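Taking it in order: structure first as structure tokens, then the write-up.
Just so you know, all these numbers are worked out from the coordinates, no wet-lab data involved. All figures in this text were calculated on a predicted structure; none of them were measured in a lab. Glycine also receives a Cβ, built like all others from the backbone with ideal geometry; neighbour counts cover every protein chain displayed.
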Amino acid sequence: MTDIEKAERMSRGRAAVMALAGLVLAINVTIQYGDVAYASAGPRGGSWLVLIGLWTFILWNGGGLQPRGRMRALLNDELSLQNRGRALALGFYAAVLLALACYVANWWQPIATGDALKIVSAGAIAAALLRYAWLEWRLR
Amino acid sequence: MPEGLANRLREHRAERELTQAALAEQVGVSRKTINTVENGVFVPSTTLALKLARALGCTVESLFSLTED
């Protein structure tokens, strides 16, 4: 198998993992909404920090612990970098819109700070991950 | 009038009997990038355009040109 074929396979795998992670994050925040244990000091509340930190890091560097050298360059070529940029832009807009939605919703139905922050962070990261996965799959 | 970018990458590649993967290997990008450039979905940087021209033994102007939509 050539480097190009290997990179293509890894790129497809990366897109699939990111799509799955985006869905899991969205499901997580929905299931955990209103449950104080998942937003307070403790293992369950702390796991959110790890989860968001991990996926932010993966989005930032384009796939976590990747191979070095030529394979890394192939995985993060111009098209992939452009896709990542577009995905991060969508994540930013999703964060702003979700923050506004939480602010307005709070006028009628109070939302706990922890829940609101989880909605914003999960929504932003999930939107970016799903967008990235979609762009990578669509342009294959 | 808005301008678009036309490219003759596919023709030049076919003339040299190169596959997308082979050209990708030569310029150091993924096959997907070559495919999207050929289909006009992705506009490459100047650096990549120069690398493509070098790999295909032609000028950048013969690969890419402006069109009026």
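Could you put A:ASP115, A:ASP77 in order, starting from the residue whose Cβ has the fewest other Cβ atoms within 10 Å?
Listing A:ASP115, A:ASP77 from fewest to most nearby Cβ atoms yields A:ASP115, A:ASP77.
What ranking of A:MET71, A:MET1, A:MET10, A:MET18 emerges when the number of other C-beta atoms within 10 Å of each C-beta is taken as an exposure proxy, fewest first?
A:MET1, A:MET71, A:MET10, A:MET18
Sort A:ILE111, B:ILE34, A:ILE4 so the one with the fewest other Cβ atoms within 10 Å of its own Cβ comes first.
A:ILE111, A:ILE4, B:ILE34
Work through the residues other than A:TYR38 whose Cβ is under 14 Å from its Cβ and net out their charges, Lys, Arg +1 and Asp, Glu -1.
My count for the surroundings of A:TYR38 gives 0.
Gap in Å between the Cα centre of the range B:1-25 and the Cα centre of the range A:1-17?
The two parts, judged by their Cα centres, are 22 Å apart.
What do you get when you divide the Cα radius of gyration of the range B:3-58 by 2.2 N^0.38 Å, with N the number of residues?
So the Cα radius of gyration is 1.00 times the expected 2.2 N^0.38 Å.
Gap in Å between the Cα centre of the range A:21-89 and the Cα centre of the range A:95-134?
The range A:95-134 and the range A:21-89 have Cα centres spaced 15 Å from each other.
If I stretch the segment between A:THR2 and A:VAL17 completely, what's the gain in nm (0.36 nm per residue apart, minus their alpha carbon distance), one decimal?
In short, 3.1 nm is gained.
For helix A:113-138, report the angle its Cα long axis makes with the longest principal axis of the Cα atoms of chain A; keep it between 0 and 90° and round to the nearest 10°.
Its long axis makes an angle of about 20 degrees.
Take the Cβ-Cβ distance between B:THR67 and B:VAL41 as r, set R0 to 22 Å, and report the resulting FRET efficiency rounded to the nearest 0.05.
Values: r = 16 Å, r/R0 = 0.71.
Once the sixth-power term is evaluated, E becomes 0.90.
Kirkwood hydrodynamic radius (Cα pairs, Å) of the protein assembly as shown?
Result for the protein assembly as shown, one decimal place: 19.3 Å.
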